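Quick notes on the structure that follows.
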Amino acid sequence: MKIKQFMTQDHKDCDLLFAKAENAAAKDDWTTASQAFNAFVQAMERHLGIEEQELFPAFEEETGVKTGPTEMMRMEHDQMRVLFAEMEYALEQKNCDDYLGIADTLLILMQQHNMKEEQMLYNMMDQHLPNDFSHWQKKFDEWDED
Amino acid sequence: MRADLSLQQAPPFSVPARFLVSAPFFGLLAALILLWYGPEMISHRWSPEVLAVTHFLTLGFLTMSMLGAMMQLMPVLMGMVFPRAVLFSGIIHTPLFAGILCLGLAWLMQIDLLFIVALVLLGFSFSLFIVLTADRLLRSANRHATRSMMLLALLALFFTTCLGIYLAMGHGTETVPLARQLTDLHLSWGLLGWVLLLISAVAYQVVPMFQITDEYPVIVQRWLGWLIFIALLSLSLTYLWPLEIVKTISTIVLASCLLTFALSTLWLLHKRRRLLADITMRFWQLAMSCLLLLTSVWGIATLIHADLPAFLLGVLMIHGFAMSTINGMMYKIIPFIIWLHLSVHNKNLRGRGERSSQVNVPHMRKIIPEAAALWQFRFHLLSLVLLLLATIWPLWFFYPAALLFAIAQAFLLFNLLKSVRFYNKKLAELSTFI
Ligand code: HEM
Ligand SMILES: [Fe+2]
Ligand SMILES: [Fe+2]
């Protein structure tokens, strides 16, 4: 399995958690919503963290490019984190309209980000980085243990 | 030195905004013309008023917003930057806007000179857009099916424009005869080529992403657009070599493609993981149901050799399918890019040390409230139903339909203008919040 397939699958898994939280919030079911939201943020932080701490540095090392696409991706990760915090606040306040509005915004931001990775960046990584799926799988497993 | 957080290739807000806001302006104009001229104008298909309304919708609403959406979405969908976006969007938008107005007025007031002016303006605007975009697309490293679909759509726009210009010269000059046998070809390239190909290209990406659904089947993504394009090409060739069998086969292929696209989209939406039915989703469902209805009615009428009301299919295609899709997309594109520009602006101010605290940037539903979008959707839906009835019983339904259509378009224009004002206000506010 290549980086592209592996990471794309992880995007999809995160999407499902996102949908679960949103579905619950839309029904005013705040207990389920907050459980699902926490699971979502956890999965996202793991994904973003592995990109920032493992994949991007390895790619930057390999190619010598530090200010290109990876820098842009990092900035978008930060934009997402701002929205996570805002969503958490809306969740605490049980403010449905705010939660759904921020979620809508995050969804677009996240999807267009994922798309750039899936269609461009991961392809570039697969050309430059070791094509060793178990290596990345191990990073994911280690992340959960920390 | 760390550069300001850039907008990641997204063009400045004014670039897509001017196109997207122009669209409901032309929609409203079309509705007002219907109200002004009354039901006599649809007593036959070729009345100049009908042609003016048709083009305020197909060029003014559809093509106008499609160009704006392409300039906005291509950096994201294709990873390519539109060159010198502010400059070129101005050079493309202004003649397009003026050209559409001139074309409409040329029909309404029967001024031959205006036809010529319109054709020069439209020809210039479209050539520039097609050349610039095709050049970028050809050089893009992206290999998603959307890329080739967009190229085919551009080619279809080119054919539509050439045929349109030739037809319009038949209206506006003494020397060129009106080649009415080409009209069906012109409208097929326009609606099934340019409009349908571009909408499906975008749908392949945005429906799964924003509604969290499965992907379209790979065969659909890869072959549907080509089939449509080839069927349109064969149909065109039958004008040179009239072969009844080729014509029949092409028509059947086209109908199956429409059916496949509508059904697969409806199916994906039905199985979506995101249960929330947001406004854009409702617009998608409405649009695809119209496409389904259109194909069924068209197929059945052809089989039993029945005559349909002249404008039924046109209303289903232009208003029901294409305008609905775009109307729905606007409610995603506009609030999101406003949010994006504001949040980047906010972050840059902070990054330059001009402000210490993070001010919350309003989210999408504060930019266009869900309720405002929902009511506009309802008016749009109602106007569609009335317009369909009006194609069958014009005397009863023409005025109510035109009135509701005007309200729906004015409402959309209002929603968009309000969000633009909101953007300008917030931008100023953020800067003073230091
Ligand atoms: C430069 C651009 C265009 C020009 C100059 C133009 C011109 C014309 C002309 C002169 C006719 C009337 C032909 C006749 O009298 O038989 C016509 C019909 C039509 N055009 Fe266009 N056109 C243009 C673009 C488009 C586009 C982009 C679309 C669709 C997306 C479109 C859709 C139609 C339709 C649906 C009709 C048939 C109207 C009816 O049957 O009543 N046109 N066009
Ligand atoms: Fe990422
Ligand atoms: Fe990612």
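The values are calculated or read from the model by the stated rules, or taken from the named source; none is laboratory data. If you're wondering where the values come from, they're calculated on a predicted model, not measured in any experiment. Cβ sites come from the backbone with ideal geometry, for glycine too, and all protein chains shown count toward neighbours. For the accessible areas, the whole protein counts, side chains as well, though only heavy atoms, and no ligand, DNA or RNA atoms are used. Shrake-Rupley method; radii C 1.70, N 1.55, O 1.52, S 1.80 Å.
Here are a few things to note about the model shown:
- Carbon + sulfur, % of accessible area of region A:1-41 - ligands and nucleic acids excluded, 1.4 Å: 51
- Computed E for B:R421/A:Q127 - FRET, C-beta separation, R0 56 angstrom, nearest 0.05: 0.75
- Relative contact order computed over region B:344-425 (Cα-Cα under 8 Å; 6+ residues apart), in percent: 26
- Each peptide in B:374-380, B:361-367 gets a packing score, the mean of other Cβ atoms within 10 Å over its residues, and the list from highest to lowest is B:361-367, B:374-380.
- Compared with its chain on its own, region B:206-229 contains the following residues whose accessible area drops by 40 Å² or more in the full protein assembly (probe 1.4 Å; ligands, DNA and RNA excluded): B:M209, B:F210, B:I212.
- Fluctuation leader among B:F56, B:F397, B:F411 - chain B, Gaussian network, Cα springs under 10 angstrom: B:F397
- When each of A:K116/A:K139; B:K271/B:K366; B:K332/B:K366; B:K347/B:K425; A:K94/B:K271; A:K2/A:K116 is checked by Cα-Cα distance, pairs over 21 Å: A:K116/A:K139; B:K271/B:K366; A:K94/B:K271
- Only helical runs count toward this figure. For the protein assembly as shown, summing -39,500 (n - 2.57) over DSSP H runs of n ≥ 4 and dividing by all residues gives -25500 deg cm²/dmol at 222 nm.
- Short-range pairs are left out: with C-alpha atoms under 8 Å and at least six residues apart, the relative contact order of region B:276-426 is 25 percent.
- Long-range tail of P(r) for region B:276-426 (Cα pairs > 21 Å, %): 55
- Highest mean packing comes first when the peptides A:132-141, A:64-73 are listed by Cβ atoms within 10 Å, giving A:64-73, A:132-141.
- ³J(HN,Hα) computed for each position of region B:255-269 - Karplus, 6.51 cos²θ - 1.76 cosθ + 1.60, integer Hz, glycine/proline x: 4, 5, 5, 4, 4, 4, 5, 5, 5, 5, 5, 4, 5, 4, 5
- Rolling a 1.4 Å probe over the protein heavy atoms gives the protein assembly as shown an accessible area of 42 Å² per residue.
- The GNM of chain B, with springs linking C-alpha atoms under 10 angstrom apart, assigns the highest mean-square fluctuation among B:S65, B:S264, B:S200 to B:S264.
- Whole-percent carbon and sulfur share, accessible surface of region B:1-150, 1.4 Å: 70
- Tail weight of P(r) past 20 Å, computed on alpha-carbon pairs of region A:3-129, percent: 44
- The fraction of accessible area contributed by carbon and sulfur in region A:60-146 is 47 percent, rounded to a whole number (1.4 Å probe; ligands and nucleic acids excluded).
- Spacing of the two label points (7 Å from each Cα toward its C-beta) at A:K12 and B:R45, in nm: 4.6
- Over region B:168-261, the fraction of Cα-Cα pairs per 10 Å bin, rounded to whole percents and listed from the shortest bin up, is 15, 38, 26, 15, 6, 1.
- Within region B:227-376: Cβ-based charge dipole about Cα centre, in debye rounded to nearest 20 (Lys, Arg +1; Asp, Glu -1): 1000
- Kirkwood Rh and Cα Rg combined as Rg over Rh, evaluated for region A:1-42: 1.15
- For chain A, a Gaussian network of Cα nodes joined below 10 Å ranks A:M124, A:M80, A:M44 by mean-square fluctuation, and the top entry is A:M124.
- Interface between chains B and A: roughly 3100 Å² of accessible area buried, both sides summed (probe 1.4 Å, protein heavy atoms only).
- The tail of the calculated P(r) for the protein assembly as shown beyond 36 Å holds 37 percent of all Cα-Cα pairs.
- List of region A:14-29 residues, accessible area with partners at least 40 Å² below that of the chain alone (1.4 Å probe): A:L16, A:E22, A:N23
- Relative contact order of region A:19-119, pairs being alpha-carbon contacts under 8 Å that are 6 or more residues apart, as %: 29
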